[in-house]
Amino acid sequence: MSELNSIAIKILKNGKGILAADESTGTMTKRLDSVSVPSTPKNRLLFRETLFSSSSMKDYIGGVILFDETIKQTTSKKKTIPELISEMGSIPGIKVDTGAKILASSPSEKITEGLDGLRERLKEYYKLGAKFTKWRGVYSITKNYPSKISIHSNAHALARYSALVQECNMVPIVEPEVLMDGDHSAKECSIATSQVIEKCFEELIAHKVNLSGIILKPNMILAGNKSKNKISSEEVAKLTLKCLKSTVPTEVPGIAFLSGGQSEIEATENLNLINKHNSTNFIMSYSYGRALQQSTLKHWSKDINDIEGTQRIFNHRAKMNSLAAQGKWSKDLEI
Ligand code: 5MM
(Lines give C-alpha, C1' and ligand atoms only; values in the text may rest on other atoms or scores of the structure.)
Protein backbone atom coordinates (compact mmCIF):
# COMPACT_ATOMS: atom_id res chain seq x y z
CA MET A 1 0.00 0.00 0.00
CA SER A 2 1.48 3.39 -0.96
CA GLU A 3 1.72 6.28 1.51
CA LEU A 4 -0.82 8.28 -0.51
CA ASN A 5 -3.25 5.38 -0.50
CA SER A 6 -2.95 5.09 3.31
CA ILE A 7 -3.66 8.82 3.74
CA ALA A 8 -6.73 8.64 1.46
CA ILE A 9 -8.09 5.66 3.38
CA LYS A 10 -7.31 7.19 6.77
CA ILE A 11 -9.37 10.26 5.83
CA LEU A 12 -12.43 8.23 4.86
CA LYS A 13 -12.38 4.95 6.79
CA ASN A 14 -14.78 3.86 9.55
CA GLY A 15 -17.53 6.29 8.63
CA LYS A 16 -15.27 9.35 8.62
CA GLY A 17 -15.69 12.08 6.03
CA ILE A 18 -14.37 15.49 5.10
CA LEU A 19 -15.39 18.94 6.32
CA ALA A 20 -15.11 21.30 3.34
CA ALA A 21 -14.29 24.57 5.09
CA ASP A 22 -12.42 25.98 2.10
CA GLU A 23 -14.79 28.82 1.24
CA SER A 24 -12.78 31.62 -0.32
CA THR A 25 -13.17 35.02 1.35
CA GLY A 26 -15.85 36.00 -1.20
CA THR A 27 -17.97 32.90 -0.56
CA MET A 28 -17.46 33.06 3.21
CA THR A 29 -18.54 36.69 3.15
CA LYS A 30 -21.79 35.66 1.40
CA ARG A 31 -22.36 32.97 4.04
CA LEU A 32 -21.70 35.39 6.92
CA ASP A 33 -23.78 38.15 5.30
CA SER A 34 -26.71 35.71 5.15
CA VAL A 35 -26.65 35.46 8.95
CA SER A 36 -25.72 39.12 9.54
CA VAL A 37 -22.23 38.52 10.98
CA PRO A 38 -19.49 40.89 9.71
CA SER A 39 -16.99 39.02 7.55
CA THR A 40 -13.68 39.90 9.24
CA PRO A 41 -10.60 37.66 9.44
CA LYS A 42 -11.26 37.41 13.21
CA ASN A 43 -14.87 36.22 12.79
CA ARG A 44 -13.96 33.79 10.01
CA LEU A 45 -11.30 32.34 12.31
CA LEU A 46 -13.62 32.21 15.32
CA PHE A 47 -16.28 30.22 13.44
CA ARG A 48 -13.76 27.83 11.96
CA GLU A 49 -11.80 27.37 15.20
CA THR A 50 -15.10 26.53 16.91
CA LEU A 51 -15.74 23.78 14.36
CA PHE A 52 -12.18 22.43 14.33
CA SER A 53 -12.05 22.09 18.12
CA SER A 54 -15.35 20.13 18.31
CA SER A 55 -15.28 16.65 19.80
CA SER A 56 -16.73 15.18 16.57
CA MET A 57 -13.42 15.86 14.82
CA LYS A 58 -11.94 12.72 16.36
CA ASP A 59 -14.56 10.19 15.25
CA TYR A 60 -16.36 11.68 12.27
CA ILE A 61 -14.13 14.21 10.48
CA GLY A 62 -11.16 12.47 8.86
CA GLY A 63 -9.98 15.57 7.01
CA VAL A 64 -10.63 19.30 6.78
CA ILE A 65 -10.19 21.31 3.58
CA LEU A 66 -8.88 24.78 4.38
CA PHE A 67 -8.61 28.02 2.45
CA ASP A 68 -5.29 29.87 2.11
CA GLU A 69 -6.23 32.45 4.76
CA THR A 70 -7.18 29.81 7.35
CA ILE A 71 -4.14 27.54 6.99
CA LYS A 72 -1.98 30.54 7.92
CA GLN A 73 -4.06 31.65 10.91
CA THR A 74 -3.25 31.04 14.60
CA THR A 75 -5.86 29.94 17.14
CA SER A 76 -6.79 31.65 20.41
CA LYS A 77 -4.46 29.14 22.12
CA LYS A 78 -1.58 30.14 19.84
CA LYS A 79 -1.55 26.99 17.73
CA THR A 80 -1.52 26.96 13.98
CA ILE A 81 -4.76 25.72 12.44
CA PRO A 82 -3.08 22.57 10.99
CA GLU A 83 -1.71 21.83 14.49
CA LEU A 84 -5.18 22.15 16.00
CA ILE A 85 -6.72 19.86 13.35
CA SER A 86 -3.99 17.23 13.78
CA GLU A 87 -4.28 17.33 17.58
CA MET A 88 -8.01 16.74 17.24
CA GLY A 89 -7.21 13.53 15.34
CA SER A 90 -8.03 14.78 11.85
CA ILE A 91 -5.93 15.60 8.78
CA PRO A 92 -5.46 19.12 7.35
CA GLY A 93 -5.91 19.72 3.63
CA ILE A 94 -5.92 22.79 1.41
CA LYS A 95 -7.85 24.10 -1.61
CA VAL A 96 -5.24 25.01 -4.21
CA ASP A 97 -7.25 26.16 -7.21
CA THR A 98 -7.66 29.90 -7.63
CA GLY A 99 -11.25 29.77 -8.81
CA ALA A 100 -13.41 29.12 -11.86
CA LYS A 101 -13.06 31.80 -14.56
CA ILE A 102 -14.79 32.38 -17.92
CA LEU A 103 -13.67 29.82 -20.53
CA ALA A 104 -12.48 31.95 -23.46
CA SER A 105 -13.69 29.66 -26.24
CA SER A 106 -17.08 29.03 -24.60
CA PRO A 107 -17.86 32.12 -22.48
CA SER A 108 -20.99 30.71 -20.82
CA GLU A 109 -18.81 28.07 -19.19
CA LYS A 110 -15.99 28.05 -16.66
CA ILE A 111 -12.42 26.81 -16.47
CA THR A 112 -10.68 26.48 -13.14
CA GLU A 113 -7.36 28.30 -12.83
CA GLY A 114 -4.36 27.97 -10.53
CA LEU A 115 -1.73 25.88 -12.32
CA ASP A 116 0.85 28.68 -12.67
CA GLY A 117 3.22 28.57 -9.72
CA LEU A 118 1.33 25.61 -8.23
CA ARG A 119 4.45 23.50 -7.56
CA GLU A 120 5.90 26.26 -5.33
CA ARG A 121 2.59 26.85 -3.52
CA LEU A 122 2.27 23.11 -2.86
CA LYS A 123 5.69 23.00 -1.25
CA GLU A 124 4.66 25.85 1.03
CA TYR A 125 1.36 24.19 2.00
CA TYR A 126 3.14 20.90 2.67
CA LYS A 127 5.50 22.70 5.06
CA LEU A 128 2.47 24.26 6.77
CA GLY A 129 1.15 20.73 7.45
CA ALA A 130 -1.24 19.93 4.56
CA LYS A 131 -1.46 16.25 3.64
CA PHE A 132 -4.07 16.55 0.91
CA THR A 133 -5.40 19.17 -1.50
CA LYS A 134 -8.51 20.05 -3.46
CA TRP A 135 -9.26 21.43 -6.93
CA ARG A 136 -12.80 21.93 -8.22
CA GLY A 137 -13.95 22.07 -11.83
CA VAL A 138 -17.52 23.25 -12.45
CA TYR A 139 -19.89 22.33 -15.25
CA SER A 140 -23.42 23.60 -15.97
CA ILE A 141 -26.14 21.64 -17.70
CA THR A 142 -28.18 23.43 -20.39
CA LYS A 143 -29.32 22.37 -23.86
CA ASN A 144 -25.81 22.61 -25.35
CA TYR A 145 -23.65 22.30 -22.24
CA PRO A 146 -21.41 21.05 -20.80
CA SER A 147 -19.51 21.42 -24.04
CA LYS A 148 -16.72 19.10 -25.13
CA ILE A 149 -14.22 21.91 -24.69
CA SER A 150 -15.22 22.50 -21.05
CA ILE A 151 -15.22 18.77 -20.28
CA HIS A 152 -11.79 18.38 -21.87
CA SER A 153 -10.09 21.49 -20.53
CA ASN A 154 -11.27 21.02 -16.93
CA ALA A 155 -10.25 17.34 -16.98
CA HIS A 156 -6.83 18.33 -18.32
CA ALA A 157 -6.38 20.90 -15.53
CA LEU A 158 -7.53 18.40 -12.86
CA ALA A 159 -4.98 15.89 -14.17
CA ARG A 160 -2.08 18.37 -14.27
CA TYR A 161 -3.01 19.50 -10.75
CA SER A 162 -3.18 15.90 -9.47
CA ALA A 163 0.21 14.97 -10.93
CA LEU A 164 1.84 18.00 -9.27
CA VAL A 165 0.17 17.25 -5.92
CA GLN A 166 1.34 13.63 -5.89
CA GLU A 167 4.84 14.75 -6.86
CA CYS A 168 4.73 16.76 -3.62
CA ASN A 169 3.54 13.71 -1.60
CA MET A 170 0.00 14.86 -0.98
CA VAL A 171 -3.35 13.28 -1.92
CA PRO A 172 -5.30 15.22 -4.56
CA ILE A 173 -9.05 15.46 -4.19
CA VAL A 174 -10.41 15.55 -7.72
CA GLU A 175 -13.68 17.49 -7.71
CA PRO A 176 -15.61 17.70 -10.96
CA GLU A 177 -18.91 19.31 -9.94
CA VAL A 178 -21.83 19.14 -12.32
CA LEU A 179 -23.98 21.90 -10.89
CA MET A 180 -27.51 21.33 -9.69
CA ASP A 181 -28.71 24.74 -11.02
CA GLY A 182 -31.33 24.48 -13.77
CA ASP A 183 -34.41 22.58 -14.85
CA HIS A 184 -32.61 19.52 -16.25
CA SER A 185 -33.74 15.98 -15.51
CA ALA A 186 -31.83 13.43 -13.41
CA LYS A 187 -31.18 11.53 -16.65
CA GLU A 188 -29.47 14.60 -18.13
CA CYS A 189 -27.43 14.95 -14.95
CA SER A 190 -26.41 11.32 -15.21
CA ILE A 191 -25.32 11.66 -18.85
CA ALA A 192 -23.31 14.83 -18.19
CA THR A 193 -21.73 13.47 -14.99
CA SER A 194 -20.69 10.24 -16.74
CA GLN A 195 -19.07 12.18 -19.59
CA VAL A 196 -17.27 14.47 -17.16
CA ILE A 197 -15.94 11.69 -14.92
CA GLU A 198 -14.89 9.48 -17.84
CA LYS A 199 -12.87 12.33 -19.32
CA CYS A 200 -11.28 13.10 -15.94
CA PHE A 201 -9.99 9.54 -15.61
CA GLU A 202 -8.80 9.48 -19.22
CA GLU A 203 -6.67 12.56 -18.44
CA LEU A 204 -5.57 11.36 -14.99
CA ILE A 205 -4.32 8.13 -16.56
CA ALA A 206 -2.61 10.01 -19.42
CA HIS A 207 -0.82 12.15 -16.80
CA LYS A 208 0.30 9.01 -14.92
CA VAL A 209 -1.55 9.89 -11.73
CA ASN A 210 -1.55 7.09 -9.16
CA LEU A 211 -5.29 6.40 -8.92
CA SER A 212 -4.93 4.57 -5.61
CA GLY A 213 -3.70 7.85 -4.11
CA ILE A 214 -6.59 10.16 -4.99
CA ILE A 215 -10.08 10.85 -3.63
CA LEU A 216 -12.87 11.58 -6.11
CA LYS A 217 -15.35 14.27 -5.01
CA PRO A 218 -18.34 14.10 -7.37
CA ASN A 219 -21.90 15.36 -7.29
CA MET A 220 -24.76 12.95 -6.74
CA ILE A 221 -27.15 12.33 -9.63
CA LEU A 222 -30.06 14.70 -9.02
CA ALA A 223 -32.67 16.50 -11.08
CA GLY A 224 -31.92 20.24 -11.40
CA ASN A 225 -33.11 22.51 -8.60
CA LYS A 226 -35.71 24.07 -10.95
CA SER A 227 -36.88 20.75 -12.42
CA LYS A 228 -40.52 19.76 -12.00
CA ASN A 229 -39.51 16.11 -12.10
CA LYS A 230 -37.66 15.55 -8.83
CA ILE A 231 -36.69 11.96 -8.09
CA SER A 232 -36.82 10.02 -4.81
CA SER A 233 -33.75 9.43 -2.61
CA GLU A 234 -33.89 5.74 -3.58
CA GLU A 235 -33.58 6.76 -7.24
CA VAL A 236 -30.80 9.25 -6.46
CA ALA A 237 -28.85 6.46 -4.78
CA LYS A 238 -29.39 3.95 -7.57
CA LEU A 239 -28.55 6.37 -10.40
CA THR A 240 -25.49 7.69 -8.54
CA LEU A 241 -24.14 4.19 -7.93
CA LYS A 242 -24.82 3.16 -11.53
CA CYS A 243 -22.95 6.20 -12.85
CA LEU A 244 -19.92 5.77 -10.57
CA LYS A 245 -19.71 2.01 -11.06
CA SER A 246 -19.38 2.46 -14.79
CA THR A 247 -16.98 5.42 -14.80
CA VAL A 248 -14.61 5.17 -11.81
CA PRO A 249 -11.63 2.80 -12.07
CA THR A 250 -11.53 0.23 -9.24
CA GLU A 251 -8.08 1.38 -8.00
CA VAL A 252 -9.66 4.57 -6.61
CA PRO A 253 -9.98 4.00 -2.84
CA GLY A 254 -12.68 6.48 -1.97
CA ILE A 255 -15.44 8.73 -3.17
CA ALA A 256 -16.48 11.70 -1.02
CA PHE A 257 -19.59 13.45 -2.30
CA LEU A 258 -20.14 17.21 -2.32
CA SER A 259 -23.56 18.37 -1.15
CA GLY A 260 -23.99 20.97 -3.90
CA GLY A 261 -26.95 22.91 -2.46
CA GLN A 262 -28.97 20.00 -1.07
CA SER A 263 -30.48 20.56 2.37
CA GLU A 264 -28.65 19.00 5.30
CA ILE A 265 -31.19 16.19 5.69
CA GLU A 266 -31.40 15.50 1.95
CA ALA A 267 -27.60 15.18 1.70
CA THR A 268 -27.54 12.81 4.69
CA GLU A 269 -30.48 10.72 3.49
CA ASN A 270 -29.08 10.33 -0.02
CA LEU A 271 -25.65 9.32 1.29
CA ASN A 272 -27.26 6.80 3.62
CA LEU A 273 -29.13 5.12 0.77
CA ILE A 274 -26.05 5.15 -1.44
CA ASN A 275 -24.26 3.19 1.28
CA LYS A 276 -27.17 0.84 1.85
CA HIS A 277 -27.10 -0.12 -1.83
CA ASN A 278 -23.33 0.10 -2.35
CA SER A 279 -22.07 -3.16 -3.85
CA THR A 280 -18.71 -1.69 -4.94
CA ASN A 281 -15.41 -1.66 -3.05
CA PHE A 282 -15.28 2.14 -3.01
CA ILE A 283 -15.64 3.86 0.35
CA MET A 284 -18.58 6.24 -0.20
CA SER A 285 -18.46 9.15 2.19
CA TYR A 286 -18.95 12.92 2.41
CA SER A 287 -16.95 16.05 1.74
CA TYR A 288 -19.67 18.50 2.62
CA GLY A 289 -19.46 22.25 2.99
CA ARG A 290 -22.97 23.64 3.33
CA ALA A 291 -24.57 20.35 4.42
CA LEU A 292 -22.21 20.18 7.42
CA GLN A 293 -22.24 23.85 8.34
CA GLN A 294 -25.65 25.42 7.61
CA SER A 295 -27.46 24.81 10.90
CA THR A 296 -24.25 25.34 12.88
CA LEU A 297 -23.66 28.72 11.23
CA LYS A 298 -27.23 29.76 11.92
CA HIS A 299 -26.92 28.86 15.60
CA TRP A 300 -23.49 30.49 15.96
CA SER A 301 -24.69 33.76 14.41
CA LYS A 302 -27.12 34.26 17.30
CA ASP A 303 -24.20 34.36 19.78
CA ILE A 304 -20.76 34.04 18.26
CA ASN A 305 -19.25 33.32 21.69
CA ASP A 306 -21.49 30.31 22.37
CA ILE A 307 -18.80 27.76 21.58
CA GLU A 308 -20.43 24.83 23.37
CA GLY A 309 -23.89 25.29 21.84
CA THR A 310 -22.41 25.75 18.38
CA GLN A 311 -20.28 22.63 18.73
CA ARG A 312 -23.31 20.63 19.86
CA ILE A 313 -25.09 21.38 16.56
CA PHE A 314 -21.97 20.62 14.53
CA ASN A 315 -21.27 17.36 16.41
CA HIS A 316 -24.80 16.20 15.69
CA ARG A 317 -24.56 16.91 11.94
CA ALA A 318 -21.14 15.23 11.74
CA LYS A 319 -22.46 12.16 13.56
CA MET A 320 -25.53 11.92 11.29
CA ASN A 321 -23.33 12.01 8.19
CA SER A 322 -20.94 9.48 9.65
CA LEU A 323 -23.86 7.11 10.24
CA ALA A 324 -25.00 7.77 6.66
CA ALA A 325 -21.51 6.93 5.40
CA GLN A 326 -22.08 3.49 6.94
CA GLY A 327 -25.73 3.13 5.83
CA LYS A 328 -26.83 3.29 9.50
CA TRP A 329 -28.72 6.61 9.57
CA SER A 330 -32.47 6.97 10.03
CA LYS A 331 -34.69 10.03 10.20
CA ASP A 332 -35.73 9.41 13.82
CA LEU A 333 -32.13 10.08 14.93
CA GLU A 334 -32.50 13.70 13.86
CA ILE A 335 -33.21 16.30 16.53
C1 5MM B 1 -16.70 25.36 0.49
O2 5MM B 1 -17.00 25.72 -0.84
C3 5MM B 1 -16.07 25.35 -1.85
C4 5MM B 1 -15.98 26.39 -2.91
O5 5MM B 1 -15.58 27.58 -2.37
P6 5MM B 1 -15.34 28.80 -3.38
O7 5MM B 1 -16.54 28.87 -4.29
O8 5MM B 1 -15.27 29.94 -2.46
O9 5MM B 1 -14.08 28.51 -4.09
C10 5MM B 1 -16.60 24.13 -2.61
O11 5MM B 1 -15.66 23.67 -3.55
C12 5MM B 1 -16.91 23.03 -1.67
O13 5MM B 1 -15.73 22.50 -1.11
C14 5MM B 1 -17.66 21.92 -2.36
O15 5MM B 1 -18.52 22.39 -3.36
C16 5MM B 1 -18.46 21.18 -1.33
O17 5MM B 1 -19.32 22.11 -0.69
P18 5MM B 1 -20.89 21.81 -0.74
O19 5MM B 1 -21.49 23.00 -0.04
O20 5MM B 1 -21.27 21.70 -2.18
O21 5MM B 1 -21.03 20.52 0.02
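The values are calculated or read from the model by the stated rules, or taken from the named source; none is laboratory data. Keep in mind that this is a model prediction, so the values were computed, not measured. Reconstructed Cβ throughout: ideal geometry from the backbone, glycine too, with neighbour counts over all protein chains shown. All accessible areas refer to the heavy atoms of the entire protein, side chains included, with ligands and DNA or RNA removed. Shrake-Rupley method; radii C 1.70, N 1.55, O 1.52, S 1.80 Å.
Listing for the model above:
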{"read-out": "DSSP-defined antiparallel bridges as percent of all bridges, the range 13-133, nearest 5", "value": "30 percent"}
{"read-out": "Built amide H within the under 5 Å cut-off of residue 171, gap 5+", "value": "132, 133"}
{"read-out": "Dipole axis of the range 35-108 (+1 Lys, Arg; -1 Asp, Glu on Cβ), positive-most option in 102, 81, 62", "value": "81"}
{"read-out": "Antiparallel bridge percentage (DSSP; both residues within the chain; nearest 5)", "value": "10 percent"}
{"read-out": "Segments 94-102, 304-312 sorted - mean Cβ within 10 Å per residue, highest first", "value": "94-102, 304-312"}
{"read-out": "Of all DSSP beta bridges in the range 62-156, antiparallel share, percent nearest 5", "value": "35 percent"}
{"read-out": "Projected label distance in nm at residue 102 and residue 119, using a 7 Å step from Cα toward the beta-carbon", "value": "3.2 nm"}
{"read-out": "Most to least packed among 16-29, 276-289 [average Cβ atoms within 10 Å]", "value": "16-29, 276-289"}
{"read-out": "Relative contact order (%) - the range 14-156, alpha-carbon pairs under 8 angstrom, separation at least six", "value": "20 percent"}
{"read-out": "Using θ = phi - 60° and Karplus 6.51 cos²θ - 1.76 cosθ + 1.60, couplings along the range 22-32 (whole Hz; Gly, Pro as x)", "value": "9, 4, 5, 4, x, 5, 5, 5, 4, 4, 6"}
{"read-out": "Most mobile of 138, 37, 174 in a GNM of the chain (Cα contacts under 10 Å)", "value": "37"}
{"read-out": "Residue among 106, 212, 185 with the largest mean-square fluctuation in a Gaussian network model of the chain, springs linking Cα atoms under 10 Å", "value": "106"}
{"read-out": "Net lengthening on full extension, residue 152/residue 335 (0.36 nm per residue, minus Cα-Cα)", "value": "61.5 nm"}
{"read-out": "The chain - mean residue ellipticity at 222 nm from DSSP helices (-39,500 (n - 2.57) per run, n ≥ 4, rounded to 500)", "value": "-15000 deg cm²/dmol"}
{"read-out": "Relative contact order computed over the chain (Cα-Cα under 8 Å; 6+ residues apart), in percent", "value": "18 percent"}
{"read-out": "Per-pair calculated FRET efficiency, R0 = 30 Å: residue 191 and residue 312 via Cβ, rounded to 0.05", "value": "0.10"}
{"read-out": "Note, ³J(HN,Hα) from phi for the range 144-156, Karplus 6.51, -1.76, 1.60, rounded to Hz, x at Gly and Pro", "value": "9, 10, x, 7, 4, 5, 6, 4, 6, 5, 5, 5, 4"}
{"read-out": "Heavy-atom surface of the chain, accessible at 1.4 Å and reported per residue (Å²)", "value": "43 Å²"}
{"read-out": "Residue with peak Gaussian network fluctuation, the chain [Cα springs, cutoff 10 Å], from 162, 90, 140", "value": "140"}
{"read-out": "Point-charge dipole on Cβ atoms (K/R +1, D/E -1) for the chain, about Cα centre, debye to 20", "value": "220 debye"}
{"read-out": "Taking the C-alpha atoms of the chain, convex hull volume expressed per residue in Å³", "value": "127 Å³"}
{"read-out": "Solvent-accessible surface ranking, highest first, for 207, 316, 152 at 1.4 angstrom", "value": "152, 207, 316"}
{"read-out": "Sulfur and carbon atoms: percent of accessible area, the chain [1.4 Å]", "value": "52 percent"}
{"read-out": "Distance between the range 245-288 and the range 153-179 - C-alpha centres, whole angstrom", "value": "19 Å"}
{"read-out": "Mean separation of Cα contacts under 8 Å, 6 or more apart, over the residue count of the range 163-292: relative contact order %", "value": "27 percent"}
